[in-house]
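Structure first, then comments.
The values are calculated or read from the model by the stated rules, or taken from the named source; none is laboratory data. Note that the structure is a prediction, hence the values are computed from the model and not measured. When we count neighbours, we look across all protein chains shown, and the Cβ atoms used for this are built from the backbone with ideal geometry, even at glycine.
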Amino acid sequence: MNTALPVINLYAVMPQIVLVSAATVVLIVGLFERFRKGIPYLSLLLLAVSGVVAVNQLGLGPVPFSDVSSMMVMDDFGLVATLVFIAGAVLTVLISISYAEARSIDRGEYYALLIYAVSGMSMMAASTDLFTFFLGLEVLSISLYVLIGFEQRDAGSNEGALKYFLLGAFASGFILYGMALLYGASGSTEYEAIARTLGGERSDAVNLLLLGGLGLLLVGIGFKISMVPFHAWTPDVYQGAPTPVAAFLSTGSKAAAFVVLIRLLGSVFPGLQMEWIPLISVLAVLTIAVGNVVALVQTNLKRLLAYSSIAHAGYMLLPLMADSQDGSASIVFYLIVYTAMNLGAFGVLAVLSARGAPCATLEDLAGLGSRRPLLAAVMAVVMFSLAGIPPTAGFMAKFYLFSALVHGGYVELAVIGLLFSGVSLYYYLRVVVWMYMRPAAETPAEAAGRLSYTGMTALCLSALAILAVGVFPSELLQLAERAVMTLP
Amino acid sequence: MNHMTESFSYVWLIPFLPLLGAFINVFVNRNPRVSGMIACATVAASFLLALGVFFQLIGLPDGERSVDVVVYSWITTGTFAVDVAFLVDPLSTVMMLVVTGVGLLIHVYSIGYMGKDACCVRYFSYLNLFMFAMLILVMGNNFLLMFVGWEGVGLCSYLLIGFWCERRSAANAGMKAFVVNRIGDFAFILGLLLIFLYAGSLTYADVFAADPAVLAPVITAITLLLFVGAMGKSAQVPLHVWLPDAMEGPTPVSALIHAATMVTAGVYMVARCHVLFAQSATAMTAVAVVGAVTAIFAAYIALTQYDIKRVLAYSTVSQLGYMFLACGVGYFTAGIFHLVTHAFFKALLFMGAGSVIHALEHALEKGRDPQDLRNMGGLRDLMPVTYKSMLLATLAIAGIAPFAGFFSKDLILLGAFVNAPALWLVGLATGAMTAFYMFRLLFMTFGGETRLSRDETEKVRESSRVMTIPLVLLAVLSTVGGFIGIPHVFAAGMDRFGGFLAPVFSGLPEAQVPSASVELTLMVLTLLLAAAGIWGAYTVYIRGNSIFDRLVPRALYTLSLEKFYVDEIYDTLIVGPVRKIARGCWRILDSAIIDGGLTLAALTVRSMGNAIRYTQTGVVQNYALIMVVGALVVFAYITGFLGP
Amino acid sequence: MELYFFLFFAIVAVASSVAMILQRNPIYCVLLLIMVMISIAGLYLMLDAQFVAIIQIVVYAGAIMVLFLFVIMLLNLSREEGGVFRIQKPLAVLLAALLFLPVAAMVMSYAGGGTTPPADGGGAGFGEVEQIGTLLFTKYLLPVEIAAVLLLIAIVGAVVLTRKGTVSVGE
C-alpha cells in the first residue's frame, strides 16, 4: 500500500526543535567533567539562540505543521509565549549557577532538564491539538518532577518531588479523561474540530460530553496553575524544591498552563461560555481570597511566595471572563511581568541561600537593607511590584488587567480583585519592613562574602526590567496585543 | 497652541531634578555632608523653574493659561492611550510653587536637623524622591499619572515614617499609614476605572469635557470613590487614624509631608476634579459634611493632647477638614487658598516644634520625653527666634487678622455661611477651639514657669542658623501671605489669588456673595471667637485657673484625651477579626501540615512515632481528596447538576 | 457470544482492579494489575485492535510489570501498614463513586443517543499494523517525535534520581 507522505513544515516547529536540540547538546556536553563549569553558560548561549529563532519568526503568521493535521501551529501567540518561557529560563539559569554549585547539583542534567521543560512549555503554547498539548504537558511535568527532586540529599526536595509527582499524575488523569470525553463528542482531538462541533447543531448528549470534558480539563489545568481548590500542593512543593527550581515552577509552568487556557477557552470553548464563565469567576475569586488571606500569616518566605503566586493566578484568571482581545492581551502582559517579579523574588532567596544556611523565614531578612543594600533594593522593588504599586510593572499589569475586566463589564469582579490586592500589600510590605526596619540578628543566617555575580546580574536585570516596564510599558503592551491578534 | 507647548517644554525638569538628586544620593554620593547640598540644590532648581512657569503663565491671556506638555506616549493599546504629560495651568502652578517652595525651606532645615544622623544620605534621597512623586501628582495631565504620584508619595511617606528603624513603633506607624491609605487608594483606582469605562479616557481634558449625560449614571459613584481616596490621603474622619501616628517620623518630614504637601493632595484632587464634583450634589454634600465633621472632631481631640507633634497632627487633620468644607460648598478657590496659607504656617509650626524637640533632646535627662508639653515651659527667652516665629504662625492658624490664616479661613466660613449655615456654625466653633489649643501649645511650651530642671535649662540652646532662617522666612510668609487674596469688601480687585485661579474654576456657577455688612459682621464674629479661645488658653495655662476642670465633665475630657477610642474600635472590629480569619484559614490549610514536621525521612525511618506518619502519609492523600472534592463540584456544576 | 466475552473481560478487569486496591501485599498487587492489563487487552481484541492488544500484553503485562515485580522483590517490601487516616478511605470511596456517577450517566446517555462514533480510521484494515504505521508516520508524526523526547527525558530523570553522587565520564 502506498501512502502519500504528508507535506510537513519543519519551519513551523523550529523553536521547539531548537530547544530540544539545545537541551540534548547540554545533556551530552554535561557528561564531560572538564566542561562542568561551562555548562550553564552553554545553556545560556543555546537559550539565546532559541530566542533569536523565535524572534525571527514573529509576524510570519500562522503556519501549521503539516497539511494532514495541524497538531501545532507557529503563530505570534505561541512565539511570544515561547520567548517569555525562554526569558524565564535564562533568569533561572543565572540564579541557579552559584546555588547549584554550592549544593553540587550543577550537573549537565540539571540544565538540560530545564531546557527540556522549556521545550515542553513551548509545545503546549503552540499546540492546536489535545494530543500535542498533553505530550507537551508531560514533557514539562516529567522534567519538573526530576528538577524538584534534584537535591537528592535534601529530604524536603525529595518530598516535594514525590508530592508533585503523585498529584501531578493524578491531575494528568483528569486531563486525559477530559480529552477522552471531548474526543468522544467531536471525533477528533483537534481544537478546530472540537470548536466546529461546538459551533454546529449538537444533541444534548454531545453537549454533556463536551461540558464534562471541559470540566475535567479545567481540573487538570487548574492544578498546574494552582487554582483553588487544586492548589494544596503549591506551598509544600515550593518549599521543598531547590529555590531556583521553585522560581521556575512558579513562573514558567504556570505561564504555560495559562497560555493553553487562553487558547482553549478563547478559541475552542466560547460556545460554552454560559457554563464556564460563572464557574471560573467563582474559582478565580476563591483563588484570590485564599491566596491573599493565607499569605497574611506566613512567616516562611517560600510559603509566603507560594500563596502570593496562588493569588496572582487568581488575578490572571479574571480577564478570561472578559472574552476580548484586551482581556487575553492583559493576561499575556501580566504573565510577562509576573515572570520577572516572581523570578526576582525567588532569585533573591536563591542568591542569599546559595551558601550557608538557607534563607527561609522573614527573620532571616532582618537588617538586609544595611547588610546587602543592592539585594535588598531589588527585593523591595519586586515586592512593591507584586503589590502593584506604581511606577513598577506590577502596577501597569494590574491596571491593564483590571481595566480590561471593567471594560468587559465585570465591575464587581474588579472590585473584589482590587480589594484583595489591597490586602496583599500587607504581607509584601512586611518583607520590606523586615529588611529595612528591623535590626539584624547577631549572626545572620547567610554566609558572609561576595554574592554570586551571575545571580546579581539576573536580579538587577529583572528589577530594572520591572521599573522600565512600569515607566515605558508601551512596547511590551503592543507585543502582548500582537500576540493575541493571531488567535482565532 | 503648539508653540506654547514648546515654550513650556522644560517643565519635565521640575519633577525630574529631584529624582536626579535622589539617584545621585543613592548610587553615587557616599558623603553625608554633600547629600544635603545635592538635595537642596535640585529642589532649589525646581523651585526656580516653577517660578519661571509662573511668570510665563501670567504673561499669557486668561483663556490660554492651560497647556498640556506631552513628554512621551506612555500606554498605547487598542482601547486605551495615556501619555506621560504635564498640565501647566494656574492650579498646578500654585501647587508646584508651594511644593517646591516650602519643600526647599524644609530641605534646608533638614540639613540642620538631620545632618548628624548616620543615615542622612538615605534620608535625603527619600525626601527628594518624595518631591518627585508629589510633583508628578500635581503636574500630571491625566488620572493615571496622578495615581502614580499618589502612590509614590504614599510610599515615600511610609519609608520616611519608618525611617528610624530602631524604634519599633515607627515601623508600625509606617505600616499603618500605608494600609489605611491603601483603603483610600482602592476607592480611588476604582473611581479611575469607572471614569475610564464611561468617559473612555483618563486625560483630564477629555474627562472634564465629557458630556455630563454620559457620566450621569455613575457620576455620584465616581466622585464619592475619588473622595474616599482623598479622605485616605488627607486623613479625613474616619480614615484619619494614620496621621497622628505618622509623627513617629523625623520632624521635618512631618512638616513637609504630613502637614504642608502630601496630605493636601486630596484637596488638590477634589479641586482638580471640580467639574465632576459639581455634577453631583450628593458628592458635594458628602465632601462638605465630612470636612466639617473632621474639622471639629480633630480640633476637639487636639484640645487635650500632650505630645507637641500630636497636637499639630490633629490640628492638621482639622485644617484639612476646613479645606474640604470649602470645596464641598463650592468655594474651591478658598480651599486652595487655605491650602497655601496652611502650608506656610503649619510647616512653620512643625519646624518650630522640631527646633524645640531638637533642643530638648540634648537637654533633657534620660527618660524624659522631649515631645511632651508637660516637660516644657518658659522656653521663650531661651529660644527667642523659634518663639517669635511660632507666635506668628499660631496667630495665623488661629485666624487673627491680618495674618495669613485669617483671609483664607474667612473665605471658607463665608462660603459655608452662604451655602450651608449649619456647617458654618461647626466651622465657627472649630475656629474658637483652634485658637484655644494652639495657644495652649504655645503657652505650655514657651510661656509661664519652666518645668525643666536647672541643669536641663542650661543645656537648652537656640537652634543653628540653617534651621532658624527657614523659620524666619516662613514666619514672614505666614504673616503677609494672606495679602495675595484680600477680600472684595476691603479692596475691590485685590483678590489676586482668586483672580489667578479664576480661569481654572471658570465653569462653576457664580458664587453668591452676601452684602458687605453681613460679611463684615461674620468677620468680627470669627475674630471674637478666636479671641475668646486665646483668652481661655491664657486663663488656664498662664494664670493657672482651673475653671475648666470644674465646668467640663470628666467624660468629655477623657473622650478627647483618648481620641474617641477610634484606634481601639478599629482594632476590635476590623484588625482583630481579620487576623483571626487569616489564622483560622492558615491552621486548616497549612499549619497542621508543617507542624507535623513533614519530611520524607520520617516515612523511611520506620522507628518514627506513629504520630508523624499519621500526618505524613495523610498529606498527599488528603490533597488528592481535596482535589477530588473540587473536581466533583466543578463537574457537578458544569454538567448542570447544580448550575443552570 | 460477543456480549459474553465482553462481560467476562470487563468483570475480570473491574474485579482485579478493586482487588488490587484492597490488597496489602505488593506482590499480589502487581499480579492483579497484570490481570487487569490482560483483560483490557482482551477488550481491545474485541474492538478489532489486534496490534494494540498485543502491545498491551507485551509492554505492560510483560515488560513493565515484570520490572515492577523485580523491584518490589529486590527492595523486599513487606505489607503496607494500614489505618493511617481513618476517614480517608471511606471518604475516598464515596467521592470516587460520586465522581463516577455523572461520568457514567454521561457516557450512557451518549451511547443511547445513537450518534455515529468518530470516524478516525475504521473500515477495512482498522487496527492492523499497517494502518497504525501509516497513521504514525503521517497524521501523528509530530506526537510520535514528541513522545520520543518524552521518553528520553524520562530516562534521564530516572538516571538522575537513582544515581548516587556525581560520576562523569571523561575523568
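Taking segment A:181-267 and the helices (runs of 4 or more DSSP H) fully enclosed by it, the elements with 3 or more residues that are crowded, with 24+ Cβ neighbours inside 10 Å and within 14 Å of chain C (Cβ to nearest Cβ) are at A:204-224. Residues that are at pLDDT 75 or above and within 24 Å of residue B:337 (Cα to Cα) number at least 3 in the following helices (runs of 4 or more DSSP H) confined to segment B:499-584: B:516-541.
When segment A:3-33 is limited to residues that are in a loop (DSSP other than H, G, I, E, B) and more than 10 Å from chain C (Cβ to nearest Cβ), the one that is nearest to residue A:46 (Cα to Cα) turns out to be A:9. Name the single residue, out of those in segment A:148-176 being over 16 Å from residue A:237 (Cβ atoms) and surrounded by fewer than 20 Cβ atoms within 10 Å (Cβ to Cβ), that is farthest from the other protein chains (Cβ to nearest Cβ). The extreme case among them is A:176.
Filtered by the rule that a residue be under 21 Å from residue A:457 (Cβ atoms) and outside any helix (DSSP H, G or I), segment A:373-404 gives a lone residue, A:392. Is there a residue in segment A:271-281 that is under 27 Å from residue A:103 (Cβ atoms), of a type in the set (D, E, K, R) and either under 16 Å from the mean Cα position of the chain (by Cα) or within 14 Å of chain B (Cβ to nearest Cβ) (or both)? No; the residues of segment A:271-281 include none that is under 27 Å from residue A:103 (Cβ atoms), of a type in the set (D, E, K, R) and either under 16 Å from the mean Cα position of the chain (by Cα) or within 14 Å of chain B (Cβ to nearest Cβ) (or both). Of all residues in segment A:332-341, none are surrounded by fewer than 22 Cβ atoms within 10 Å (Cβ to Cβ) and of a type in the set (Ser, Thr, Tyr).
Of the residues making up segment A:410-427, those that are free of Cβ contacts under 8 Å to residues at least 40 places away in the same chain and either among the aliphatic types (A, V, I, L, M) or at the interface with another protein chain (Cβ under 9 Å from one of its Cβ atoms) (or both) are A:411, A:415, A:418, A:419, A:422, A:425.
This table checks each residue for (1) within 21 Å of the chain's Cα centre (by Cα); (2) within 9 Å of another protein chain (Cβ to nearest Cβ); (3) under 30 Å from residue A:323 (Cβ atoms).
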| position | (1), (2), (3) |
| --- | --- |
| A:361 | no, no, no |
| A:366 | no, no, no |
| A:371 | no, no, no |
| A:376 | no, no, no |
| A:383 | yes, no, no |
| A:394 | yes, no, yes |
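Report the residue count in segment A:435-456 for those that are under 20 Å from residue A:97 (Cα atoms), surrounded by 12 or more Cβ atoms within 10 Å (Cβ to Cβ) and at pLDDT 75 or above. So the answer is 5. What number of residues within segment B:65-97 satisfy the criterion of being assigned to a strand (DSSP E or B), away from chain A (no Cβ under 14 Å) and of a type in the set (Val, Ile, Thr)? Residues that pass the stated criteria total 3.
Residues that are out of contact with any strand residue (DSSP E or B) (no Cβ under 7 Å at 6 or more places or on another chain), free of Cβ contacts under 8 Å to residues at least 12 places away in the same chain and part of a loop (DSSP other than H, G, I, E, B) do not occur anywhere in segment A:54-66. No other residue among B:103, B:140, B:115 is touching a residue at least 12 places away in the same chain (Cβ under 8 Å), among the small types (Gly, Ala, Ser) and surrounded by fewer than 23 Cβ atoms within 10 Å (Cβ to Cβ) apart from B:115. Given the condition more than 8 Å from chain A (Cβ to nearest Cβ), part of a loop (DSSP other than H, G, I, E, B) and at pLDDT 75 or above, answer yes or no: does some residue in segment B:605-624 qualify? No. Annotation for segment A:284-293: at least one member residue is surrounded by fewer than 24 Cβ atoms within 10 Å (Cβ to Cβ) and more than 11 Å from every other protein chain (Cβ to nearest Cβ). From the list A:243, A:189, the lone residue that is of a type in the set (Ser, Thr, Tyr) and modelled with pLDDT under 90 is A:189.
Of the residues screened, residue A:330 is one that is over 24 Å from residue B:155 (Cα atoms) and out of contact with any Gly (no Cβ under 7 Å at 6 or more places or on another chain).
Sort out for me the helices (runs of 4 or more DSSP H) sitting completely within segment B:366-469 that have 3 or more residues that are within 27 Å of residue B:106 (Cβ to Cβ).
B:384-398, B:404-419, B:421-446
Does residue A:267 fit the bill of being of a type in the set (S, T, N, Q), touching a Gly at 6+ places or on another chain (Cβ under 7 Å) and over 26 Å from residue A:161 (Cα atoms)? So residue A:267 fails the test. Of note, residue A:94 does not satisfy the criterion of being closer than 18 Å to residue A:253 by Cβ and either away from chain C (no Cβ under 14 Å) or not in a strand (DSSP E or B) (or both).
For segment B:368-397, a residue qualifies if it is of a type in the set (Val, Ile, Thr) and within 19 Å of residue B:482 (Cβ to Cβ), and the qualifying residues are B:394, B:397.
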